[in-house]
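What follows is a set of notes on a single structure, which appears directly below.
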Amino acid sequence: MNIEELSKFVFKINYKDTSSQDYVYFQIINYLAEHGSFTATELDKQILFKKENQSKKTFKIGRRKLKKILYGTDKNYEGLIPLNYVTAIPPFRNRGGYQEMDYYLTEKGIMASLGFFSYKQNINLKKILKYFDQPHLKAYKKFASEFIKLQIEVFLMYHYVQGISLGFKHEHSADYDRFRKTIVEPFDIRVSNEISEKQFHKLLQKLNLYREIHSKFAKNNILFRKIWNEPLGKKIPSHGFQGWYQIDLLTRFDENLKIKKITKRKSPIKNRGSPIQVSEFIYSRFQDYSKKIPQSSIEHEMILLGIKKHRKNKSNSQNQYSNNYF
């Protein structure tokens, strides 16, 4: 299965039923995948829905109702913030003495959006990868992009093979930290069939390979820790996979990938709504994967990613072994 199919299965957002709360969520998530953020004013009467038994009439959701939908205070909507698809961030600006929140996708929201909005076109992922446009990092941009995509595929496949849907599960960002810790340790799960078992095994082997490649560069450049950081000891991860999901990477750029101008606040202002607080968690030390990754496989993958040049004196048999590792 590809990443789009996996995302649609795990999050199960019914975008075809225009009278469902799923359809409203789909529009909001899709907008955030394309534009990165919005204020409630920016989406005033842009979100559409149809009431049950009134399928011919389309309604526009106003700013006030939109905020209720986001925070889950509308009786017909569980809320994108309680469901952990969206997070509210206070911006550096004043509006009539009040502070209007900016809304961004969480890591769950980003992964859910991939069922409808392609990985390469997703503005949030473009913002993260923007940092690799620097001359000394450009050669590693493809690796960074593939590694982030691989982490998402592993997360989605982990739930897919178990038949688990996260669509309307009330989660916490720390759940994703725990997953990152789980996935690098030996673990047991029940899978639906042998084909899925083999696919997931192959995906995990590739994850281990990319972790090995990542370890070669992470010590010398802090940006490599933005796409992955090994969960060691009791150190508390920041967010998601601590890792590629860092909210500061998403808030620094506008939808045209230009650095946002920050205006200094002149006076204290009132809040309308506030972000959900993130609790702290203690993590135990983990065991590294016992399976060794052949050096030939590491070198072969680095060549494919453009990180390392192909050596002509390498034997064909070694390259053949590398190709057959997966």
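Just a few scattered comments:
- Spin-label model distance (nm) - PHE217 vs LYS309, 7 Å beyond Cα toward Cβ: 1.8
- Chymotrypsin sites (Phe, Trp or Tyr not before Pro) restricted to the stretch 153-190 and DSSP loop, no more than 14 other C-beta within 10 Å: PHE168, PHE187
- Among ARG64, ARG178, ARG190, the ranking by other beta carbons within 10 Å of each residue's beta carbon, starting with the fewest, stands as ARG190, ARG64, ARG178.
- Using a Förster distance of 22 Å, the FRET efficiency for ARG252-GLN46 (Cβ separation, nearest 0.05): 0.35
- P(r) weight above 14 Å for the stretch 1-54, C-alpha pairs, percent: 61
- Extension gain, ASP17 back to LYS56 (0.36 nm per residue minus Cα-Cα distance, nm): 12.7 nm
A short reminder: the numbers here are calculations on the coordinates, not readings from a lab. It should be emphasised that the depicted structure is a prediction, and the values quoted were computed from it without experimental measurement. With ideal geometry, Cβ positions are generated from the backbone for all residues, glycine too; neighbour counts draw on all protein chains shown.
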